[in-house]
Structures are given as C-alpha cells and as structure tokens.
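Engineer: Quick one: the structure is below, questions incoming.
Taken together, the values in this text are just the output of simple stated rules run on the coordinates, not laboratory data. Computed from a predicted model, the values in this text were never measured in an experiment. Using ideal geometry, Cβ is built from the backbone for each residue, glycine included, and neighbour counts are taken over all protein chains shown.
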Amino acid sequence: MSQDRPAHGHGHHGRVECAMCLKEIPLSAAFTPEGGDYVGHFCGHACYEAFQRMRQDEEANED
Ligand SMILES: [Zn+2]
C-alpha cells in the first residue's frame, strides 16, 4: 500500500456518479436539483424523477 489512492470518493475532478444509475458523468453535465434536501447528482432529469419515485415508494412503505 504505497500508493495514496482514495478508496472512496471522486477519482477525478469534476466527475460525479449519477445517484440513480451510478453512471459516471462530468459534473458540468450533471443535473442537480435545487432547493429542499440534497439528494445528489443525476445524469438527466429522467434519473432524477426515477429517484424521486423510489424515495416516495420507500416513504409510503414505512411501517
Ligand atoms: Zn442516471
């Protein structure tokens, strides 16, 4: 273990993972919802909507 490589996080500057499909995307191309609680970066609005639906389903299922 001589190399100082972070095991976690962003390997490159300005690149993020889509919170829904985990595809790596440039930060400049990421869709980031504004306002409310922070939920992450998304490769597109479709992934953001899918993520929101997933969250709502989880909230609806809470016991
Ligand atoms: Zn995505």
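Engineer: Give me the net charge of Glu24's neighbourhood, meaning all other residues with Cβ under 15 Å from the Cβ of Glu24; Lys, Arg count +1, Asp, Glu -1.
Structural biologist: Within the 15 Å Cβ shell, the charges total +1.
Engineer: Counting Lys +1, Arg +1, Asp -1, Glu -1, what net charge surrounds Gln52 among other residues with beta carbon under 15 Å of its beta carbon?
Structural biologist: -4
Engineer: So, one more: Please report, in debye to the nearest 20, how large the charge dipole of region 15-60 is about its Cα centre when each Lys and Arg carries +1 at its beta carbon and each Asp and Glu carries -1 there.
Structural biologist: Computed about the Cα centre, the dipole is about 200 debye.
Engineer: Let me ask another. Under a crude label model (7 Å from the Cα following the beta-carbon direction), how far is Glu34 from Ala50 in nanometres?
Structural biologist: It is 2.6 nm.
Engineer: Please order Leu22, Leu27 by the number of other Cβ within 10 Å, starting at the fewest.
Structural biologist: Lowest count first: Leu22, Leu27.
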